[in-house]
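Participant: The structure under discussion is supplied below as structure tokens; questions concerning it will follow.
The values are calculated or read from the model by the stated rules, or taken from the named source; none is laboratory data. Quick caveat: nothing in here was measured; it's all calculated off a predicted structure. Here the Cβ is made from the backbone with ideal geometry for all residues, glycine too, and neighbour counts use every protein chain on show.
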Amino acid sequence: MAFQETLIIFLVSLAISSIIIYFTTKLFGETEGIGTAILSALAGAMIYSVAYYFLGAGFLSTLIGGIAWLIALGSMYNIGWLKSLVIAVFVWVLQSLVNYVLPTATGPL
């Protein structure tokens with residue numbers, strides 16, 4: 001895959017994740033703007049990338065990456081563990097629905 005395609009896929013994924021995080025946090029009464037949602041999506045991508053790089057694909061890297069992202073989410077939005085977890089679950093569900101509805105980025109065209 002060419003660098004340009006990878007960059008476009010990353011930016012589209014970042015935009016979609018940011019919008020989902022933004023609306024989910026608004027649903028739970030948070031007042032931060034879209035900038036915080038973008039930073040949260042970037043932090044999540046970096047955290048999971050580092051976890052997968054060092055631990056490989058699997059349950060342990062997902063668990064550690066998830067806990068690290070909950071910490072990052074909690075600190076960015078100044079919320080507790082439980083609220084971070086509930087927001088993360090809602091983000092995951094919405095992201096799964098979007099991934100199901102939207103066609104794949106490199107699918108047949």
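Participant: Checking the structure you have, find out if any residue of region 88-95 is over 22 Å from Leu11 (Cα atoms) and without any contact (Cβ under 8 Å) to a residue 12 or more places away in the chain. Quick ask: steps written out before the conclusion?
Facilitator: Kept after step one, since they are over 22 Å from Leu11 (Cα atoms), are these residues of region 88-95: 89.
Within this subset, residues satisfying the condition of being without any contact (Cβ under 8 Å) to a residue 12 or more places away in the chain are 89.
Checked region 88-95: at least one residue is over 22 Å from Leu11 (Cα atoms) and without any contact (Cβ under 8 Å) to a residue 12 or more places away in the chain.
Participant: While we're looking at this one, here's another question. Which one of these is under 19 Å from Leu97 (Cβ atoms) and of a type outside the set (A, V, I, L, M, F, W, C): Ser18, Ser84, Ser49, Ser75?
Facilitator: Working: Ser84 fails: under 19 Å from Leu97 (Cβ atoms); Ser49 fails: under 19 Å from Leu97 (Cβ atoms); Ser75 fails: under 19 Å from Leu97 (Cβ atoms).
Of the residues listed, the single one that is under 19 Å from Leu97 (Cβ atoms) and of a type outside the set (A, V, I, L, M, F, W, C) is Ser18.
Participant: From the set of residues in region 10-34 that are over 14 Å from the mean Cα position of the chain (by Cα) and part of a helix (DSSP H, G or I), which is nearest to Ser75 (Cα to Cα)?
Facilitator: The residue in question is Lys26.
Participant: Could you tell me whether Ile87 is β-branched (Val, Ile, Thr) and touching a Ser or Thr at 6+ places or on another chain (Cβ under 6 Å)?
Facilitator: yes
Participant: Still on this structure: Tally up the residues in region 24-70 that are without any contact (Cβ under 8 Å) to a residue 40 or more places away in the chain and within 20 Å of Leu82 (Cα to Cα), please.
Facilitator: Total satisfying the criteria: 18.
Participant: Here's a check for you: in region 67-102, which residue that is at pLDDT 90 or above and small (Gly, Ala, Ser) is nearest to Ile47 (Cα to Cα)?
Facilitator: That would be Ala68.
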